[in-house]
1. Report yes if some residue within the range 276-288 is open to solvent by 50 Å² or more (accessible area, probe 1.4 Å), in a helix (DSSP H, G or I), assigned by the TED database to the domain that holds W347 and touching a residue at least 60 places away in the same chain (Cβ under 8 Å); otherwise report no.
2. Counting only residues that are over 18 Å from the mean Cα position of the chain (by Cα), among the hydroxyl-bearing types (S, T, Y) and surrounded by fewer than 16 Cβ atoms within 10 Å (Cβ to Cβ), how many does the range 168-195 have?
3. Scan the range 301-320 for residues that are free of Cβ contacts under 8 Å to residues at least 60 places away in the same chain and either closer than 21 Å to T374 by Cα or not hydroxyl-bearing (S, T, Y) (or both) and report the count.
4. If I go through the range 295-323 residue by residue, how many of them are out of contact with any Ser or Thr (no Cβ under 9 Å at 6 or more places or on another chain) and over 28 Å from G416 (Cα atoms)?
5. Name, by its number, the condition in (1) outside any helix (DSSP H, G or I); (2) closer than 23 Å to A407 by Cα; (3) at pLDDT below 90 that does not hold for P371.
6. Which residue is surrounded by the fewest Cβ atoms within 10 Å (Cβ to Cβ), if the candidates are limited to the range 301-320 and must be aliphatic (A, V, I, L, M) and in contact with a strand residue (DSSP E or B) (Cβ under 7 Å, 6 or more places away or on another chain)?
7. Among the residues that make up the range 66-87, is at least one of them hydrophobic (A, V, I, L, M, F, W, C), part of a loop (DSSP other than H, G, I, E, B) and either in the same structural domain as V180 (by the TED database) or at positive phi (or both)?
8. From the list A94, A110, which one is over 26 Å from E271 (Cβ atoms) and not in a strand (DSSP E or B)?
Amino acid sequence: MYKSDWKTECRNIGLLLLAATLVGWSIDSLPWVLFISTLAYLAWSLYQLQRIHSWLYGEEKPDPPEAKGLWGDVFDGIYRLQRQGKEERLRLQAVVDYLQDSFASLDDGAVMIDSRGNIEWTNQAAGKLLGLRYPEDTKQQLVNFIRAPEFIRYFEGQDYSTSLQLTSPFNGHYKLQISVTNFGRGSRLLFVRDITATDRMQQMLKDFVANVSHELRTPLTVITGYLETLSDNSYSLDDELRWRRAVDQMLVQSHRMESLIKDLIVLSRLESLPDIAEQLPMAIRPMLEVIRDDVLTAVKSPREIIIDCDDSLQLVGNSIELQSAFSNLIMNAAKYTPVEGEITIRWFADGQHLCLSVEDNGEGIDSHHLPRLTERFYRVDKSRSIETGGTGLGLAIVKHILLHHEAELMISSQVGKGSTFSCLFPRSRALSQLDRA
């Protein structure tokens, strides 16, 4: 259709020029007649362009102007595109309205944000939790309403792989969990969840553990003291046979309960104090050598513990917490490594991390256990853990200490070959010899 219209238009122009040529030749004014004919065609074309302009930008009827030939096809094509665009806009608006109606019914707050960080839409829950008002606050910067430094770093950092927890800037009684999702061309969707009740329950649980641990510590210390006294006293042969075994078993369990309470208190302190009180550079080798001596003394059976340490690297952190974490890992390796077994401790730097790894040649751990090893009281082999005197809290303590140091614990293991526990610290916590110079 369009090719035939173009041919018709070209034929009409050709006929116009032919007629002008004949007329001009007959009256002996060919250039003038051709010039006037060309001007007439241009004037007609400008007239059609003016009709298009008036139709598109004027206040005329939405239907296209009547025209024939090529210009008629132009009018009809523009009209079809307008209609398709309008239908698409209506469809997209229906989708947006549906999403907004869905978000409006949520108990969680929802905020739509454009590529420049301006608020486009909020639901009612966002007003309750963040104090945002729709539509009054549209086109306003979101960071003008949520000024908490941790939120600004999170929002402008563009890394939304994890959520953020903070107190509501509108109502300090609310504890919020904020997550952000990217969509469209730079737009973002922010979800806000009220976790006040959950946070309160977690705090109650922490307080309960801390209080129970402290309440049990004093009477248990008294019981342990009396049991140690009974264990050290001499008995007659009959008394020895009658009481020795019972007193020794009670003493072992008493010491085990003391260790459990001690670990509970340490874990409660780590959870209630999210920031490290003191961070100083420390040499790693002396710390590892002290831990090695303590571990070899505690296990009372021969192990070979090898230290491979890059002495040029110091670590910035809390020495007491880090010694506790490294000691837990090395003690675990010693407990689950057979007599005459080998444990290798390495301290080194790679491209992105500082790494302390503890590798043993023990019995190894099935892969399905690995994701849960840092859970409290999780045991791979309950009977073996009781034999080794473990409390089930050691790796949970390690995990929280590493979190205090912006680090993570990586675990790899093969059954029958051994395990490797690696503490990965960011390079920003390194202090090399060049830095010290």
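The values are calculated or read from the model by the stated rules, or taken from the named source; none is laboratory data. The structure displayed is predicted, hence computed values, not measured ones. Cβ atoms come from the backbone with ideal geometry, glycine included; neighbour counts cover every protein chain shown. Keep in mind that these areas ignore ligands, DNA and RNA; they rest on the heavy atoms of the full protein, side chains included. Shrake-Rupley method; radii C 1.70, N 1.55, O 1.52, S 1.80 Å.
1. yes
2. 1
3. 11
4. 10
5. Of (1) outside any helix (DSSP H, G or I); (2) closer than 23 Å to A407 by Cα; (3) at pLDDT below 90, only one is false for P371: (1).
6. I306
7. Looking for residues that are hydrophobic (A, V, I, L, M, F, W, C), part of a loop (DSSP other than H, G, I, E, B) and either in the same structural domain as V180 (by the TED database) or at positive phi (or both), one finds none in the range 66-87, hence no.
8. After ruling out the rest, the residue left standing is A94.
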